[in-house]
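Below is one structure, written out as structure tokens; the observations come after it.
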Amino acid sequence: MSIEQADRFLADCVRAVLDDRQAPAWPAAFCSQVHHEIIEERARFHGIAVLLGHAPDALSGWPAPVADTVRGEMRLAALWEELHRKMIAGIIERLAEKGVSTIVMKGTALAYLYYDEPATRRRGDTDLLIRPDDLTAARRVLEQAGCYRREDPH
């Protein structure tokens, strides 16, 4: 199985879930441990575990170890989401206390505005729009919260 075949299968599954249709059956050709590991890795790569795990019967025909791995990813994504939400909410609150206005943008904004389950919209960061005049104060708050710029050596 190629990565393209795995991605096509997963894309078909996602389309079915989003269209509220029955997900495609697990392909008989995906029978080896290597196939299973490729599907697990590609589902993780695409960040679709929450979407697949919440859909009724989406994983029902999958080999149990693969379905269990996807459900485990789903639980980790939900945990990450809750911890991240609390951290970002606290930072935004501290910024507001310092008089710094923020706008939550891009992935996090989409996750909370348009998804029933924000963890479905996987992301690795949160983008905040801050006025240039407030950058020094914002950086202080972010540093106190343990955040750092990527190019900073840590």
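With 75, 94, 122 as the choices, which residue is open to solvent by 50 Å² or more (accessible area, probe 1.4 Å) and part of a loop (DSSP other than H, G, I, E, B)?
Exactly one of 75, 94, 122 is open to solvent by 50 Å² or more (accessible area, probe 1.4 Å) and part of a loop (DSSP other than H, G, I, E, B), namely 122.
Given the options 34, 100, 70, 14, name the one that is touching a residue at least 24 places away in the same chain (Cβ under 8 Å), part of a helix (DSSP H, G or I) and buried (at least 20 other Cβ atoms within 10 Å of the Cβ).
70
Scan 79, 129, 135 and give me the residue that is modelled with pLDDT of 90 or more and either within 23 Å of residue 40 (Cβ to Cβ) or touching a Leu at 6+ places or on another chain (Cβ under 7 Å) (or both).
Step by step, each of 79, 129, 135 is checked, and only 79 is modelled with pLDDT of 90 or more and either within 23 Å of residue 40 (Cβ to Cβ) or touching a Leu at 6+ places or on another chain (Cβ under 7 Å) (or both).
Please work out which residue is farthest from residue 71 (Cα to Cα), limiting yourself to the stretch 125-154 and to residues that are assigned to a helix (DSSP H, G or I) and open to solvent by 60 Å² or more (accessible area, probe 1.4 Å).
By that ranking, first place goes to 133.
Quick check on the stretch 139-154: of everything there that is basic (Lys, Arg) and at pLDDT below 90, which residue is nearest to residue 89 (Cα to Cα)?
149
Can you tell me which residue among 29, 25 is out of contact with any Ser or Thr (no Cβ under 7 Å at 6 or more places or on another chain), more than 30 Å from residue 138 (Cβ to Cβ), assigned to a loop (DSSP other than H, G, I, E, B) and open to solvent by 80 Å² or more (accessible area, probe 1.4 Å)?
Testing whether each residue is out of contact with any Ser or Thr (no Cβ under 7 Å at 6 or more places or on another chain), more than 30 Å from residue 138 (Cβ to Cβ), assigned to a loop (DSSP other than H, G, I, E, B) and open to solvent by 80 Å² or more (accessible area, probe 1.4 Å) leaves just 25.
Against the definition (open to solvent by less than 70 Å² (accessible area, probe 1.4 Å), of a type outside the set (D, E, K, R), in contact with a Gly (Cβ under 8 Å, 6 or more places away or on another chain) and assigned to a helix (DSSP H, G or I)), how does residue 109 come out, yes or no?
Criteria not met by residue 109.
The values are calculated or read from the model by the stated rules, or taken from the named source; none is laboratory data. Model, not experiment: these values are computed from the prediction. Glycine gets a Cβ as well: all are built from the backbone with ideal geometry, and neighbour counts include every protein chain shown. Note: areas computed on protein heavy atoms with side chains; ligands, DNA, RNA excluded. Shrake-Rupley method; radii C 1.70, N 1.55, O 1.52, S 1.80 Å.
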